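First up is the structure itself, then whatever we jot down about it.
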Amino acid sequence: MIMKPNQKIGVIGSGFIVSDCHLPAYKKLGLNVAAIASRTPRNARKVADLHQIPKVYDNIESLLHDPSIEVLDIAVPPQHQPDLILTACRRGTVKGILAQKPLALDYHDARILVEACESSGIVLAVNQNMRFDPSVAEASSLLRNGRFGDPVFTTINMRAIPHWQPWQAELESATLKIMSIHHFDCLRHWHGDPEAVYCSTRPDPRTSFPHHDGICTSILEYGDGLRATIIDDVWTGPAHEGCPSDINIEFRIEGTKGLAIGNIGWCQDPYTSPSTLRHAAIGDPEFIVSDLRGSWFPDAFGGTMLELLNALQYGNQPTLGGRENLKTIALVEAAVISSTEKRRVLLDEILHP
């Protein structure tokens, strides 16, 4: 008999991603959100009232020192996340941490966090929630079952205008560490680790804070010949300036025996439009349309937390574990180096310098 996880979750952060994604997804699953705190206590109280969270702390430190909290859900800007994780490790009372992506701003710092959690006996997971989008998860299952044969060419094309956050100006980075990281992680989930990446970027005309990586095109090279491309186009034409828009996130997996074509519902209108997938193999008279439920935002956010809670309950490691995520961080770092040095970068240059 599978028991529903009931660990007490303490949420750190009270912004859009918490109020509109984490908490609605957790509520659907009946998870036990016991407390919340953020840098702006008034906003934390507002979110707590909206989502019926019983305990609101006046500061983050008080939540971190509450011995009754078993799992931390950290949802703060990435430059502030490492200190919170290290503080939780020193405190040593929580059993698990769900961190946001990027886990850290570079591979070196991410590895420190992973090792600190391991030394403290804390199970660390990273909220790479795109893996739990219904269309991505269905494509993963079909790939594992050999539906498409050997992968030949995979593409992820994002034509979307994200809501950039003010804290990104401190990073002087727009897309690679915030949006492209989802797509790099998704390709790793589907196909494993590439040998190398080539990434070309240019600034986005609409984004006002300093950055070099607004519009990004990445090519991932695999040792078996597979090639994968990512186009992250946050301009998408002058859609905010009065031009008709065509907003979408699509992916295509082509193999020796078949293909899949997916559309992720996050950036559709309305906001919660469902994700879709159609696929076909040699001999099929037409495409099969998968019967999917839900969309990336907010439904996938429940999957990441539930996986961590189940890992804690049954004593195993989540597939989104911190050590596994180090290769996603390394791939992003390789893409940053590639875009600045204008060259092909091997993943091993980051993993084994």
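Out of Trp190, Trp235, report the one residue that is among the hydrophobic types (A, V, I, L, M, F, W, C) and assigned to a loop (DSSP other than H, G, I, E, B).
The unique qualifying residue is Trp235.
Working carefully through the options Pro244, Pro274, find the one that is closer than 22 Å to Ala137 by Cα, modelled with pLDDT under 95 and surrounded by fewer than 21 Cβ atoms within 10 Å (Cβ to Cβ).
The unique qualifying residue is Pro274.
Select from the stretch 29-49 the residues that are in contact with a Phe, Trp or Tyr (Cβ under 6 Å, 6 or more places away or on another chain) and closer than 14 Å to Gly15 by Cβ and list them in ascending order.
Correct list: Ala37 only.
Every residue, every condition in (1) buried (at least 16 other Cβ atoms within 10 Å of the Cβ); (2) of a type in the set (Phe, Trp, Tyr); (3) assigned to a loop (DSSP other than H, G, I, E, B), yes or no:
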position: Arg45; (1), (2), (3): yes, no, no
position: Ser68; (1), (2), (3): no, no, yes
position: Asp73; (1), (2), (3): yes, no, no
position: Val76; (1), (2), (3): yes, no, yes
position: Gln79; (1), (2), (3): no, no, yes
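Residues that are touching a helix residue (DSSP H, G or I) at 6+ places or on another chain (Cβ under 8 Å) and more than 30 Å from Thr272 (Cα to Cα): does the stretch 93-102 have at least one?
yes
Look at the stretch 128-174 and say how many of its residues are touching a helix residue (DSSP H, G or I) at 6+ places or on another chain (Cβ under 9 Å), outside any helix (DSSP H, G or I) and buried (at least 16 other Cβ atoms within 10 Å of the Cβ).
Number of matching residues: 15.
Within 15 Å of Leu308 (Cα to Cα), without any contact (Cβ under 8 Å) to a residue 40 or more places away in the chain and not acidic (Asp, Glu): which single residue out of Asn59, Asn43, Asn6 fits that description?
Only one candidate qualifies: Asn6.
Please work out which one of (1) part of a helix (DSSP H, G or I); (2) within 18 Å of His212 (Cα to Cα); (3) touching a residue at least 40 places away in the same chain (Cβ under 8 Å) is the condition Arg343 fails and give its number.
(1)
Going through the stretch 118-173 one residue at a time, which ones are closer than 25 Å to Thr272 by Cβ and small (Gly, Ala, Ser)?
Scanning the stretch 118-173 gives Ala125, Ser135, Ala137, Ala139, Ser140, Ser141, Ala160.
Only one of (1) part of a helix (DSSP H, G or I); (2) closer than 22 Å to Asn248 by Cβ; (3) of a type in the set (D, E, K, R) fails for Asp291. Which number is that?
(1)
Here's the yes/no breakdown for (1) of a type outside the set (Asp, Glu); (2) at pLDDT 95 or above:
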{"site": "Trp167", "(1), (2)": "yes, no"}
{"site": "Lys177", "(1), (2)": "yes, yes"}
{"site": "Tyr198", "(1), (2)": "yes, yes"}
{"site": "Asp204", "(1), (2)": "no, yes"}
{"site": "Ile215", "(1), (2)": "yes, yes"}
{"site": "Ile253", "(1), (2)": "yes, yes"}
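Failed condition for Ser208, given (1) surrounded by fewer than 20 Cβ atoms within 10 Å (Cβ to Cβ); (2) hydroxyl-bearing (Ser, Thr, Tyr); (3) within 22 Å of the chain's Cα centre (by Cα), with all others met?
All conditions are met except number (3).
If you check Arg323 against the conditions, is it touching a residue at least 60 places away in the same chain (Cβ under 8 Å) and farther than 30 Å from Cys117 by Cβ?
For Arg323, the condition - touching a residue at least 60 places away in the same chain (Cβ under 8 Å) and farther than 30 Å from Cys117 by Cβ - is not met.
Scan the stretch 176-230 for residues that are in contact with a Pro (Cβ under 8 Å, 6 or more places away or on another chain) and of a type in the set (Ser, Thr, Tyr) and report the count.
Counting residues in the stretch 176-230 that are in contact with a Pro (Cβ under 8 Å, 6 or more places away or on another chain) and of a type in the set (Ser, Thr, Tyr) gives 1.
With (1) assigned to a helix (DSSP H, G or I); (2) under 30 Å from His279 (Cβ atoms) as the list, and Ala228 as the residue in question, which single condition is left unmet?
(1)
Which one of these is in contact with a Pro (Cβ under 7 Å, 6 or more places away or on another chain) and of a type in the set (A, V, I, L, M, F, W, C): Leu124, Leu113?
Leu113
The values are calculated or read from the model by the stated rules, or taken from the named source; none is laboratory data. Since the structure is predicted, the reported quantities are computational estimates derived from the model, not experimental observations. Counting neighbours? That spans all protein chains shown, and the Cβs are built from the backbone with ideal geometry, glycine included.
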